[in-house]
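Undergrad: Can you read through this structure? Questions will come right after.
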Amino acid sequence: MERELSFSVNLDSPIAVYVQIENQIQFAVAAGRLKAGDILPSVRDMSAAVNVNPNTVTKAYRDLELRGVVRMRRGIGVTVSDKGPKLCREKTRAMVCGRVNESVAECLASGMSPSDVRKLVSTAIDSGRGPYEVR
């Protein structure tokens with residue numbers, strides 16, 4: 001079953017575009033917005049949605065397939081694998097925890113007070129901004 005999901009890329013981000021696509025798919029699977037058996041957008045549809053070359057989307061899908069997150073089947077498309085949700089929950093949790101710890105350490109090292117860091121995090125949460133969204 002194909003769900004209506006929104007994906008975006010930030011061309012100014014230091015994170016490669018194909019990795020941004022991979023991460024957003026993994027976030028959607030980890031959060032339950034994509035479930036085992038769900039069909040991802042076709043390469044053509046995804047490339048049009050995020051305005052990138054289809055080869056970039058193909059690389060993202062292949063990487064996810066190599067990790068066991070999705071299955072690519074001719075005539076059916078790209079689907080979330082049975083073990084995809086568990087893999088994504090584990091990977092995304094480790095990834096974001098690492099980023100948060102690094103970001104907080106950088107904030108504190110730059111002279112921000114713990115109170116300022118908490119306010120910054122609260123503001124980020126309240127913004128409702130998705131990953132790689134440009135505003």
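Undergrad: Return the label of the correct value of Cα Rg over 2.2 N^0.38 Å, as calculated from the structure shown, out of (1) 1.16; (2) 1.00; (3) 1.66.
TA: Checking each listed value against the structure points to (1).
Undergrad: Something else about it: For residue 6 and residue 102, what is the calculated FRET efficiency with R₀ set at 25 Å and r taken between the beta-carbons, to the nearest 0.05?
TA: For R0 = 25 Å, the calculated efficiency reads 0.40.
Undergrad: Now for a different question. Tell me the angle of helix 17-30 to the major Cα principal axis of the chain, expressed in degrees between 0 and 90 and rounded to the nearest ten.
TA: Here the helix axis deviates by roughly 90 degrees.
Undergrad: Long-range amide H contacts for residue 34: which residues qualify at under 5 Å (H placed 1.01 Å from N, peptide plane, sequence gap of 5 or more or a different chain)?
TA: The list, which skips near neighbours in sequence, is 29.
Undergrad: Count the lysine pairs in the chain whose Cα atoms sit under 23 Å apart, keeping only pairs 8 or more residues apart in sequence or on different chains.
TA: Close lysine pairs found across the chain: 8.
Undergrad: Could you state the angle between the C-alpha long axis of helix 54-66 and the longest principal axis of the C-alpha atoms of the chain, as a value from 0 to 90 degrees rounded to the nearest 10?
TA: 90 degrees
Undergrad: Residue 122: net charge of surrounding residues, Cβ under 15 Å, Lys/Arg +1, Asp/Glu -1, itself excluded?
TA: +1
Undergrad: Counting only other residues whose beta carbon sits under 14 Å from that of residue 110, what net charge do I get with K and R as +1, D and E as -1?
TA: Cβ neighbours under 14 Å give a net charge of -3.
Values in this text are rule-based calculations from the coordinates and carry no lab data. Worth saying up front: this structure is predicted, and the values here are computed from it rather than measured. Methodologically, a virtual Cβ is constructed for each residue, glycine included, from the backbone with ideal geometry; neighbour enumeration extends over all protein chains shown.
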